[in-house]
Every structure is written in C-alpha cells, then in structure tokens.
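What follows is a set of notes on a single structure, which appears directly below.
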Amino acid sequence: MDGLVEFFQYLGKNWADLLALTFEHIVMVVIGMGIALVIGILLGIISSKNERLASIILAVANLIQVFPSLALLTVLMLFFGLGSSTVVIALVLYSLLPIIRNTYVGLKEVDASTTQAGVGLGMNTWQVLFKVQLPLSIPFLLAGVRIAMVISIGVAALAPFIGGGGLGTTIYSGINLRDPMQIYSGALVAAALAILADYLLGKAQNKFDKSKA
C-alpha cells in the first residue's frame, strides 16, 4: 500500500515530464507507422499480384520481425548513428510484416465476382484496386495495423539505448538510479498507450467489419 501511495506521489510531482516523454514516444511511433503503412500497403499490393514476389517479400519481412529488437537497433545505429531517427527506422521495419501480410490476405479474400463486377462496370485495374479491393480489405489491414502499433510502442521504449527519447528514458534512468518509481511510471504509461491504441483500432476494425457485412 505504501508503494502505491509513493507511486502516485511520484506521478503527481513528475507528470509534466512524463507527459512530454509520452508525446515524444507517440510522435516516434506515429511517424514510423505512417511510413510503414505506405511501404507495407504497396508491398502487400505487389504480393497480391505476384505469388513469387509474395514469398520473397513475406520471407524478408518475417526475417526482420524475428530479429531481436535491441540487436536490430544496434545494427541500425552503426549505419544511421544515434538518435530518434534511427528508432523510427527500426519501427518501420518491425511494422512491415503485419501490414504487408494483412494487406495481402485482405486483397486475396475479396470475392472474384466482386472484382469482375467492377470490371464489368468499365473500371480499369487501378480503379478496381482503389475503389473495390482496397476498401473491402480495410478490416484485414486494420488488424495488421493493431499488431504493428502494439509492437512499435514496445520497441520505442528501447530508444534511449541508442540515444533516442520517449518513455524509455525514464525506464532507463530508473534502472541506472535503481529507482523503481521511475521504472514503473515509464512502463505503465507505455503499457497504457499500447492498450489504448489496441482498443481504438479494434473499435475501428469492428466498425468496418459491420459496414462490410
């Protein structure tokens, strides 16, 4: 009980710093996710059109995904140096697999008769893709984005190890100073961000599922 009181006292004294670090954390994740969405959707579309390329693209993305996050950050640091920009590159790489895979699956799940109906209405290949296939695959895409977002929020917590910022700063500082309150505050806020992002994206996914039905 005393520990809980001490924790809330710490939050009360340091809420401004935590808020700034939370904002920095969110900015890194949003930038990384934005870039990953553009690249991932494009690669997902390419994969859906060519099965041979799909196997290569998904294999490479899967290889990146299983690479230990701290090891990947260290390798990227050697090429891109210290700082938040290197963290963003790592977030892009870690977000690609679920986005590519779910875009690919979503496009493959579109009924062939629906596609043919679009062609019958005089649509060209690009019009069918953007007006029929992609809108129908949005629920699958959002499921991939949910996974990628949660992964990104977790990986971004490692940013201080290569000179980045975000909530990992207070966790890393707490470890060095052996201050459990700093560790708990950073970890709990990061966990809350992941839960909130998953919840909101889940609601959006359910909404699109219902509209599709």
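The values are calculated or read from the model by the stated rules, or taken from the named source; none is laboratory data. Since the structure is predicted, the reported quantities are computational estimates derived from the model, not experimental observations. Neighbour counts run over all protein chains shown; Cβ positions are idealised from the backbone, glycine included. What goes into the accessible areas is simple: the full protein's heavy atoms, side chains included, and nothing from ligands, DNA or RNA. Shrake-Rupley method; radii C 1.70, N 1.55, O 1.52, S 1.80 Å.
Here Asp198 sits with roughly 50 square angstrom of accessible surface, probe radius 1.4 Å.
Please state, rounded to one decimal and in Å, the Kirkwood hydrodynamic radius that the range 65-112 gives when every pair of distinct Cα atoms enters the mean of 1/r.
Details: mean 1/r = 0.0817 Å⁻¹.
About 12.2 Å, per the Kirkwood formula over Cα pairs.
The dipole here belongs to the chain: it is taken about the Cα centre, uses +1 on the Cβ of Lys and Arg and -1 on the Cβ of Asp and Glu, and is about 660 debye. Share of carbon and sulfur in the accessible area of the chain stands at 70%, probe radius 1.4 Å. Spread over its residues, the convex hull of the C-alpha atoms of the chain is 135 Å³ per residue. Between Gly164 and Gly83, the built amide H atoms are under 5 Å apart, and every one of these is 5 or more places off in sequence or on another chain.
Can you compute the helix-only [θ] at 222 nm over the chain? Use -39500 (n - 2.57) per DSSP H run of at least 4 residues, normalise by all residues, nearest 500 deg cm²/dmol.
Numbers: 9 runs with 177 residues, N = 213.
Calculated from helices alone, the mean residue ellipticity at 222 nm is -28500 deg cm²/dmol.
Taking the Kirkwood radius as Rh and the Cα radius of gyration as Rg, the range 93-153 has a ratio of Rg/Rh equal to 1.10. Computed with every protein chain present, the accessible area of Val92 is close to 20 Å² [probe 1.4 Å].
Per residue, the chain exposes 55 Å² of solvent-accessible protein surface, assessed with a 1.4 angstrom probe and all protein chains in place.
Projecting the Cα atoms of Ile46, Leu141, Phe8 onto the charge dipole of the chain, computed from C-beta unit charges around the Cα centre, puts Ile46 farthest toward the positive end. When Arg52, Arg101, Arg146, Arg178 are compared by accessible area at a 1.4 angstrom probe, the order from most to least is Arg178, Arg52, Arg101, Arg146. Our note on the geometry: Cα centres of the range 35-101 and the range 177-193, 28 Å apart. Karplus-derived 3J(HN,Hα) values for the range 7-22, using 6.51 cos²θ - 1.76 cosθ + 1.60 with θ = phi - 60°, are 5, 5, 5, 5, 4, x, 7, 10, 4, 5, 5, 5, 5, 5, 5, 5 Hz; glycine and proline are entered as x. Rolling a 1.4 Å probe over the protein heavy atoms leaves Lys108 with an accessible area of roughly 100 Å².
Taking the Cα atoms only, what angle lies between the long axis of helix 69-80 and the longest principal axis of the chain, rounded to 10 degrees? Taking Cα atoms only, the helix is inclined about 90 degrees.
The phi torsions of the range 162-169, fed into the Karplus equation with coefficients 6.51, -1.76 and 1.60 and a -60° offset, translate into couplings of 10, x, x, x, x, 5, x, 4 Hz, rounded to whole numbers, with Gly and Pro shown as x.
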